[in-house]
Amino acid sequence: GNLSPEQQSALTWFKQQLDTYVPNFVPIFNIQPDDYERWALKWLRASKFNKEEALKACQRCVLWRESLHGIGVNNISKEACEKELAKGKLRYTGRGVENRPVMWIDAHLHKKNEVP
């Protein structure tokens, strides 16, 4: 939708901050060039356009995705997912809006130090 001047200003600021302070934003989420603004807006809308809060949340999420089990979310293998599915810890629930697989993790079955 249309953005107010304040929201447009927050978006401009946020994108500049992402480029400077979250250089892995695009690859960690596998964002296509024409989707960059839409992804930035997701973070701003989630924080009700509190741009500093959105930036901190995004930084925390990227750090978590990069560091998960020492290998990062984007490096989890198909075999690791199949192993977790067999344990009943992970369930495939279908495909999301962007046709990406959606998985549900039963956190109570997860052992913190266990690497998939």
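Residue by residue, segment 92-105 carries 3J(HN,Hα) couplings of 7, 10, x, 10, x, 4, 8, 6, 8, x, 10, 10, 10, 9 Hz when phi is fed to the Karplus relation 6.51 cos²θ - 1.76 cosθ + 1.60 (θ = phi - 60°); x denotes Gly or Pro.
Here segment 5-100 is treated as a Stokes sphere of Kirkwood radius computed over C-alpha pairs; at 4 °C and 1.567 mPa s its diffusion coefficient rounds to 86 µm²/s.
Entry comment: accessible area of the chain is 70 Å² per residue, from protein heavy atoms only and a probe of 1.4 Å. Highest mean packing comes first when the peptides 32-42, 8-18 are listed by Cβ atoms within 10 Å, giving 8-18, 32-42.
Taking only protein heavy atoms and a 1.4 Å probe, the accessible area of the chain is 54% carbon and sulfur.
Electrostatic tally near Leu11: other residues with Cβ closer than 12 Å to its Cβ, Lys and Arg +1, Asp and Glu -1, net +3.
Phi angles across segment 72-83 convert, under the Karplus curve 6.51 cos²θ - 1.76 cosθ + 1.60 with θ = phi - 60°, into 3J(HN,Hα) values of x, 4, 6, 10, 6, 7, 4, 4, 5, 5, 4, 5 Hz, Gly and Pro given as x.
Set Lys and Arg Cβ to +1 and Asp and Glu Cβ to -1, take the dipole of the chain about its Cα centre, and tell me which of Val97, Gln7, Cys81 lies farthest positive. Among Val97, Gln7, Cys81, the one farthest towards the positive end of the dipole of the chain is Cys81.
Summing Cβ point charges (Lys, Arg +1; Asp, Glu -1) relative to the Cα centre of the chain gives a dipole of roughly 400 debye. Ranking Ala54, Gln32, Trp64 by how far each Cα lies toward the positive end of the dipole of the chain (charges on Cβ) leaves Trp64 at the top. Remark: the Trp104-Gln16 segment gains 28.4 nm on full extension, using 0.36 nm per residue and subtracting the alpha carbon distance. Testing the spin-label approximation: label points 7 Å from Cα along Cα→Cβ at Leu85 and Arg65. State their distance in nm. Between Leu85 and Arg65, the label points sit 2.2 nm apart.
The values are calculated or read from the model by the stated rules, or taken from the named source; none is laboratory data. It should be emphasised that the depicted structure is a prediction, and the values quoted were computed from it without experimental measurement. Here Cβ is always computed from backbone atoms with ideal geometry, including for glycine, and neighbour counts include all displayed protein chains. These area figures cover heavy atoms from the full protein model, side chains too; ligands, DNA and RNA do not enter into them. Shrake-Rupley method; radii C 1.70, N 1.55, O 1.52, S 1.80 Å.
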